[in-house]
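Since the structure comes first, as structure tokens, the remarks are kept for the end.
Each value in this text was obtained by applying a stated rule to the coordinates, not by laboratory testing. Bear in mind the structure is a predicted one, so any value in this text is a computation, not a measurement. Ideal geometry is used to build each Cβ from the backbone, glycine not excepted, and the neighbour counts take in all protein chains shown.
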């Protein structure tokens, strides 16, 4: 297509918003099913992976409160944390959202804030680093549902498998710095209250396999090449950016064998509510980088709640 969007992926923001307001899911792709895995994008790096009756969520963040992240001034670190429980309950109570596992790539507000409440409501097991789990416990996540991961875990469950990979967060600015860096141990009385309280806490990537397909997700625009050796995912969920990373796109795609699909993730302006999709500025550059590095890979772009089956 001349606009650079995949034939498999694009849903209009208006259509998605109308579907949400009407209380029904956005329409799925008409493409024939090639596997038993279906991916749905909830905006930012929020992904739902369905394999039969099982569901894995990655970085689910439906609340999307305003932070100023993509303005010239940048995010206000004093922005209060909030969870839109009514919004989340609406999807859960209609059976449109569920979870057996929730995978956290890192501890920032746009990845972790909704996870404790989703864990409470779904009973899902949550994987993350020690800092991620500490932050979530302080936010009220049931501690018996929290499972620590450090990278290297290769876990098998009923109908699907999860491989945890050590990874790196995006590095930005002239000094290639990570936003809200560091690790921290909290008690419940140290409840995080503003976005600066949610530290990166180490970054993980995840490979999820099941239904005859494999998907690899990155929550930030960086990675550890040696961790990816030998992986051959069908789908890579790849964020824009990586300006400070040597050969960010070509080196990654080459390492994982030039996958059949590269789906854009973490590209939308998350100051806008779910259903209002706006490119935060990196989508076209990512599309061009993928086309140049791996012309045989199909570039997939979804609207909020859009789906595709690899």
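Counting neighbouring Cβ atoms within 10 Å and putting the fewest first, the residues 67, 156, 203 line up as 156, 67, 203. A Förster radius of 41 Å combined with the Cβ-Cβ distance from residue 78 to residue 254 puts the calculated FRET efficiency at roughly 0.45. Dividing the Cα radius of gyration of region 72-178 by its Kirkwood radius returns 1.00 for Rg/Rh. Each of 255, 131 was scored by other Cβ atoms within 10 Å of its Cβ. Arranged with the fewest first, they read 255, 131. Indicate the gyration tensor shape class of region 251-301 (rounded, prolate or oblate), computed on the Cα atoms with a ≥ b ≥ c the square roots of the eigenvalues: a/c under 1.5 is rounded; otherwise a/b larger than b/c is prolate and the rest oblate. Because a/c hits 1.5 or more and a/b exceeds b/c, region 251-301 counts as prolate. Summary of packing: across the peptides 68-74, 78-84, 46-52, the per-residue average of other C-beta atoms within 10 Å ranks them, highest first, as 46-52, 78-84, 68-74.
Each of residue 53 and residue 96 was given a label point 7 Å from its Cα along the Cα-to-Cβ line. The distance between the two points is 2.4 nm.
Fewest-first ordering of 169, 108, 132 by other beta carbons within 10 Å of each residue's beta carbon gives 169, 108, 132.
Out of every Cα-Cα pair in region 205-262, what percent are more than 18 Å apart? Value for region 205-262 (Cα pairs over 18 Å): 24 percent.
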